[in-house]
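So the structure is just underneath, and the comments pick up after that.
The values are calculated or read from the model by the stated rules, or taken from the named source; none is laboratory data. None of the values given here were measured: they were computed from a predicted structure. Methodologically, a virtual Cβ is constructed for each residue, glycine included, from the backbone with ideal geometry; neighbour enumeration extends over all protein chains shown. Quick note on the areas: whole protein, heavy atoms, side chains included, nothing else; ligands and nucleic acids left out. Shrake-Rupley method; radii C 1.70, N 1.55, O 1.52, S 1.80 Å.
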Amino acid sequence: MALSISVTVPTLLFGYFLSRTIYNLFFHPLAKIPGPFFAKISRFPGFYHAIKGDRHLWIWQCHQIYGDKIRVQPNQVLFLSQQAHRDIYNYKANVRRAKTYEAWKTTEDPNTGLTVDPAAHARKRKVLNQAFTGESVKHAASFAIEHTDRWIDLLVKDEDIVTEDGWSKLRNMSDWTNYIIFDILGDICFGRSFEIKEPGPNPIRAIPDLVLHNAVIFYAILQSPLVEFVVWAKPKGLDNILNMIAPPELKTYYDFINDSVARRIKEENESTEDERSARRDMFHYLCKVRDPITAKPYSEDTLKGEALLLVVAGSDTTSTILSAFWFYISRNKSVYTRLVNEIRSTFASSDEIVGGAQKLQSCTYVWACIDECLRISPAGPSELARETLSGGHTIDGEHFPAGIVVGCGIYAMGRNEEIFGDPTRFRPERYVPSEATGVTVEDVNRLKASYHPFLTGPTNCVGKNIAMTEMALIICRTLFRLDVRSVVGEDLGAGHPSLGWGRRDRSQYQIADAFVSVHKGPLVQFRKRSV
Ligand code: HEM
């Protein structure tokens with residue numbers, strides 16, 4: 001009997017895996033899509049690259065080897081063309097967010113960013129849109145200004161000046177951008193800053209890193225062969241176990257969010273109309289919004305979920321782009337000179353640098369630098385996975401049946417040579433029409449139409465205007481008052497020949513792929529402007 005079990009079980013398992021392999025290779029609807037052999041029959045290659053943090057590079061490499069359409073999992077195909085991007089992410093696409101989004105959720109009713117069902121998402125999004133108006137962007141900009149001015153003071157505070165000509169200690173810009181973005185978001189969301197940029201102990205300061213650490217682990221699980229089990233087990237008890245083993249700092253963070261939400265609801269309920277309309281934070285708007293069908297306000301639980309979404313979606317994304325910005329401008333003399341000249345000749349004083357102002361809009365080179373950072377160092381480097389629905393969906397001229405996971409790798413799209421020519425070079429000029437360089441308005445429009453860092457369609461980034469304004473304000477106000485430089489030999493965040501394919505170039509800022517981008521450095525110095 002014992003012998004027969006020891007023979008039967010492995011035989012059955014072998015038979016199962018063999019038949020699945022044959023099915024995946026020859027009979028699966030994606031059987032004819034090119035891709036690495038092992039990716040056609042298992043999730044292990046994607047899992048391996050997720051653990052290594054270079055899944056975005058692997059996708060880019062696969063496109064170079066196999067073409068515009070690649071099979072990266074037995075049931076997943078990724079595309080490089082603009083047409084495919086339009087087909088997958090447009091409002092009418094017969095797709096929904098892939099089920100893997102559900103594995104990220106921490107509340108029973110997922111927040112807008114994790115809602116998979118298109119109709120449920122559309123309803124939540126309509127409500128959220130009510131909080132992202134021109135007025136809220138204006139208020140967000142005023143928070144960005146207050147925090148930036150304090151941040152600049154801290155970057156060059158007297159006791160941290162280490163050279164005779166006024167240069168500061170080395171500043172790790174991944175940390176410093178996390179500090180400012182997190183503090184701004186605390187104010188934008190709750191009217192209550194996290195104050196992590198201020199010196200002295202603060203348990204919240206560990207949070208940006210912990211959120212990323214969480215993402216690294218979770219991303220690997222989501223790419224693993226265990227993902228379906230995880231999605232199934234989370235609501236059935238796995239969530240409780242994960243909560244029990246979560247690090248204490250993460251609990252402090254959730255407590256902070258919950259407490260801030262409860263406090264703000266109380267304030268909103270107890271204050272007069274005049275006091276309420278004097279408030280400028282997102283909560284003021286979120287407390288006012290109404291569900292278009294039930295006409296009910298958000299419940300406290302929903303508010304907590306949305307608050308968490310705003311803080312996570314708005315922090316690491318913006319911090320990645322700004323970290324890349326400091327890396328590239330401190331290492332590209334001509335870019336730096338042109339950028340600083342534009343800022344210092346456009347504004348007569350730092351007070352003129354405000355959100356929405358004509359002068360800020362006129363800084364074409366500032367916006368070009370931001371666009372170039374969004375391209376070369378995206379905040380979410382791999383695909384935003386979508387699943388085809390009943391009846392299937394046609395992508396780039398080819399029909400795919402229901403249940404296929406599809407998407408476009410954003411890092412690979414930004415490095416498409418056919419579109420960008422020299423995609424590995426940091427060259428903001430590609431976004432500035434000019435007779436001298438031969439770049440036309442049509443060229444710029446073509447580039448912008450072929451790359452979408454904030455996505456397009458129903459799930460596009462609701463915070464795009466806030467993010468763009470915030471980044472422009474931080475950049476302009478900082479470079480109006482300070483000089484910045486890199487230091488020879490301090491290469492944190494740079495590529496290196498020892499780092500392997502896609503990471504060898506020392507002039508390139510490196511990101512690791514954990515659904516969001518994980519990054520380190522650069523280390524730079526600041527001083528009060530000399531001219
Ligand atoms: C450089 C900065 C940013 C980038 C590159 C970015 C990019 C994106 C992308 C690509 C998505 C789509 C995600 C998906 O469908 O899975 C998204 C969604 C979202 N973003 Fe952003 N984002 C940025 C900043 C912000 C900021 C500052 C906020 C808020 C203050 C924000 C709030 C959101 C929210 C709430 C969603 C979910 C929208 C929905 O599901 O309908 N983002 N973002």
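3J(HN,Hα) couplings calculated from phi for the range 251-266 with the Karplus curve 6.51 cos²θ - 1.76 cosθ + 1.60 (θ = phi - 60°) are, in sequence order, 5, 4, 5, 4, 4, 4, 4, 4, 5, 5, 5, 4, 4, 5, 5, 4 Hz; Gly and Pro show x. If you take the Cα centroid of the range 404-480 and the Cα centroid of the range 72-111, the two points sit 21 Å apart. Set the Cα radius of gyration of the range 13-107 against 2.2 N^0.38 Å, with N its number of residues, and you get 1.20. Is the shape of the range 396-499 best called rounded, prolate or oblate, per the rule: a/c under 1.5 gives rounded, else a/b larger than b/c gives prolate, else oblate, with a ≥ b ≥ c the square roots of the Cα gyration tensor eigenvalues? Prolate is the answer for the range 396-499, as a/c is 1.5 or above and a/b outweighs b/c.
Looking at the range 279-354, the accessible area is 39 square angstrom per residue; that uses a 1.4 Å probe and ignores ligands, DNA and RNA. Once you reduce the range 329-393 and the range 156-184 to the center of their Cα atoms, the two points are 22 Å from each other. With no solvent and one equal point scatterer per Cα, compute the Debye intensity ratio I(q)/I(0) for the range 461-516 at 0.21 Å⁻¹ and report its log10, rounded to two decimals. Log10 I(q)/I(0), no solvent term: -0.94. Backbone geometry of the range 463-469 corresponds, through the Karplus equation with coefficients 6.51, -1.76 and 1.60 at θ = phi - 60°, to 3J(HN,Hα) couplings of x, 3, 5, 5, 4, 5, 5 Hz, x marking Gly and Pro.
Near residue 439, the amide H atoms lying under 5 Å from its own belong to 434; only residues 5 or more places off or on other chains count, and H is placed 1.01 Å from N. Restricting the range 405-506 to chymotrypsin sites (Phe, Trp or Tyr not before Pro) that sit in a DSSP loop and have at most 15 other Cβ atoms within 10 Å of their own Cβ leaves 454, 501. Once the Cβ-Cβ distance of residue 300 and residue 422 is raised to the sixth power relative to R0 = 45 Å, the FRET efficiency obtained is 0.30.
Scanning residues 5 or more positions from residue 393 or on other chains, those with amide H under 5 Å from its amide H are 400, with H placed 1.01 Å from N in the peptide plane. Ranked by solvent-accessible area (1.4 Å probe, protein heavy atoms only, all chains present), the residues 41, 353 order from largest to smallest as 41, 353.
Ligands, DNA and RNA aside, residue 520 has an accessible area near 140 Å² when probed at 1.4 Å. Solvent exposure of the range 125-258, expressed per residue, is 45 Å² of accessible area, with all protein chains present and a 1.4 angstrom probe. To put it simply, the accessible area of the range 1-54 at a 1.4 Å probe is 78 percent carbon and sulfur.
Per atom type, the range 197-342 shows carbon and sulfur on 59% of its accessible surface, probed at 1.4 Å.
Computed extension length for residue 272-residue 198: 23.4 nm, one decimal, from 0.36 nm per residue of separation with the Cα-Cα distance subtracted. Sparse packing (at most 15 other Cβ atoms within 10 Å of the Cβ) combined with a DSSP loop state is found for the following trypsin sites (Lys or Arg not before Pro) in the range 20-101: 32, 92.
Plugging the Kirkwood radius over Cα pairs into Stokes-Einstein for the chain, at a temperature of 4 °C and a viscosity of 1.567 mPa s, what D comes out in µm²/s?
Approximately 52 µm²/s, per Stokes-Einstein.
Determine the alpha carbon to alpha carbon distance for each of 234/448; 99/304; 359/448; 236/266 and list only those over 31 Å. In this structure, 234/448; 236/266 exceed 31 Å between Cα atoms. Accessible surface calculations at 1.4 Å, restricted to protein heavy atoms, place the range 401-498 at 41 Å² per residue. Once C-alpha pairs closer than 8 Å and six or more residues apart are averaged by separation and normalised to the residue number of the range 102-186, the relative contact order reads 20 percent. With respect to the chain, whose longest principal axis is taken over its alpha-carbon atoms, helix 364-376 is tilted by about 30°. Computed on the Cα atoms alone, the convex hull of the range 319-365 gives a volume of 86 cubic angstrom per residue.
The 3J(HN,Hα) values that the Karplus relation (6.51, -1.76, 1.60; θ = phi - 60°) gives for the range 69-85 are, in residue order, 10, 10, 9, 10, 8, x, 10, 10, 10, 10, 10, 10, 7, 5, 4, 4, 4 Hz. Gly and Pro appear as x. Global size of the range 92-243: 20.3, 63 Å for Rg and Dmax (C-alpha atoms, Rg to one decimal, Dmax whole).
The relative contact order of the chain, computed from alpha carbon pairs under 8 Å that lie at least 6 residues apart in sequence, is 23 percent.
Annotation for residue 528 and residue 22: the two label points, set 7 Å from Cα along the Cα-Cβ direction, are 7.9 nm apart.
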